[in-house]
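Read through the structure below, which is laid out as structure tokens, and then see the notes.
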Amino acid sequence: MRNWLLPEYTEDVLPLAAARLEQVRRRLLDLFRVHGYRLVIPPMLEYLESLTTGAGHDLDLATFKVVDQLTGRLMGVRADITPQAARIDAHLLNQQGVTRLCYAGSVLRTRPDGLAKTREPLQLGAELFGHAGVESDIEIQRLMVQGLQAAGVRELLVDLSHVGIFRSLMRRGNITPVLEQELYGVLQSKDKSCLQELTRGLDAEVRNALLALTDLNGGVELLQLAQQRLPLYAEIKQALQDLRRASAQLAELKVEVSIDLAELRGYHYHSGMVFAAYAQGYSGPLALGGRYDEVGSAFGRARPATGFSLDLRGLVTALPPVVASPAIMAPFEDDAALSEAINDLRAMGEVVVVDLPGHEAYQNELGCDRKLVKQGAAWAVVSIQE
């Protein structure tokens, strides 16, 4: 076996692709900053309980486990930065009002995931803690859209749902945990015939509402139909109202909005409105997010929370490739005027590469289209052809 081969679904990022990733990363983090989101950099390794508590069974399965040689305790390599941001908000910052955090870093997953089909996504996201109203959901959704647009993505579609509707029906129908899990799975596949079988013994109002969820997907106009077909419990009425407000706000950003009330992605993790962004040229969601008010309680301080994240590697898959910036070649000489000329050019943003002695035969590998040459007492930039 060749010992330099990488594990499956991991890869090196070469210069042009790395330049594209860094360009988009910097652009998005700068956007988050001017919206008041402060950058945090959590550790790659934490004790397993901290990484997976309150985050659901799926995250536990996605997490690589290792034994800490110092303590003997089980540790995990983070598979998601969101729970780490929740821990930072709950314990380290400990603010009473609204906290806005953002992050960008590698995560590691046991199986390939996302658009890039990698086990090492480059996760970037923003989280808002401390506000329970739909206004913070709207802020996060708008930030997600503006971020994707800033990255160069066009013709976005944002799909909205609300897990509170399903939760309300489960409570009102006194559904057992086992049946709840079965209903959740069937709704995800939109298997109406199986759903009819599972709901035969349920209260008629709850049964009809669950069956209606499989049909309630399409444009924003179906929110009116949902109001007619679903029982207007206080929680459902509020959920539909929040979806209506969020849809109107997203429409202002010139994005298409769709509704799918059977979409319960992250049901055991999220607690309210959930959303996903799609665009032409991509086979799956570019970004995912939602409200997760109950996660903070796992860290001893329950805080309302909403946020989104995306995989930068997946995001750049359909973006135009970066064109390498042409560089200027400079000779290696002990000349103060040459050093000053190089420094001036670099200060203006030009790439200047010094051609080290003995490598003249490989100048074509430097990617230069110009060179510094001495003209009298000064150094000037001329075309490489001259």
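None of the figures in this text is laboratory data; all of them are computed from the coordinates on show. This structure is a prediction, so every number in the text was calculated from the model and none was measured. Neighbour counts run over all protein chains shown; Cβ positions are idealised from the backbone, glycine included.
Numbers for the structure displayed
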| read-out | value |
| --- | --- |
| Point-charge dipole on Cβ atoms (K/R +1, D/E -1) for region 327-383, about Cα centre, debye to 20 | 160 |
| Calculated FRET efficiency for the pair ARG171/GLU252, C-beta based, R₀ 25 Å, to 0.05 | 0.15 |
| Anisotropy class of region 61-157 from Cα gyration tensor, a/c 1.5 cut | oblate |
| Residue-averaged 222 nm ellipticity for the chain, from DSSP H runs of 4+ at -39500 (n - 2.57), nearest 500 | -10500 deg cm²/dmol |
| Length released on extending from ALA318 to GLN375, taking residue separation times 0.36 nm less the Cα-Cα span | 16.0 nm |
| Kirkwood Rh, angstrom, the chain [1 / mean 1/r, Cα pairs] | 24.0 |
| Gain upon complete extension [GLN69, GLN188; 0.36 nm per residue less C-alpha separation] | 38.7 nm |
| Computed label-point distance, nm, for sites GLU11 and ASP58 using a 7 Å Cα→Cβ extension | 2.4 |
| Qualifying lysines (Cα of each under 29 Å from Cα of LYS254; at least 8 residues distant if same chain) | LYS237 |
| Principal-axis tilt of helix 204-213 within the chain, Cα atoms, nearest 10 degrees | 20 |
| Alpha-carbon centroids, region 15-34 and region 311-343: separation in whole Å | 16 |
| Virtual spin-label span in nm between GLN149 and ARG38, 7 Å along Cα→Cβ | 2.8 |
| Residues of type lysines that LYS117 reaches as a straight line, Cα spacing below 22 Å, ignoring anything fewer than 8 places off in the same chain | LYS65 |
| Globularity ratio of region 176-230, using Cα Rg and 2.2 N^0.38 Å | 1.15 |
| Modelled FRET efficiency - R0 22 Å, ALA234 with GLN181, Cβ distances, 0.05 increments | 0.30 |
| Relative contact order for region 155-279, counting Cα pairs under 8 Å that sit 6 or more residues apart, in percent | 52 |
| Ascending count of other beta-carbon atoms within 10 Å, so fewest first, for HIS162, HIS91 | HIS91, HIS162 |
| Rounded FRET efficiency, nearest 0.05, which uses the C-beta distance separating ARG111 from LEU211 and R0 of 35 Å | 0.55 |
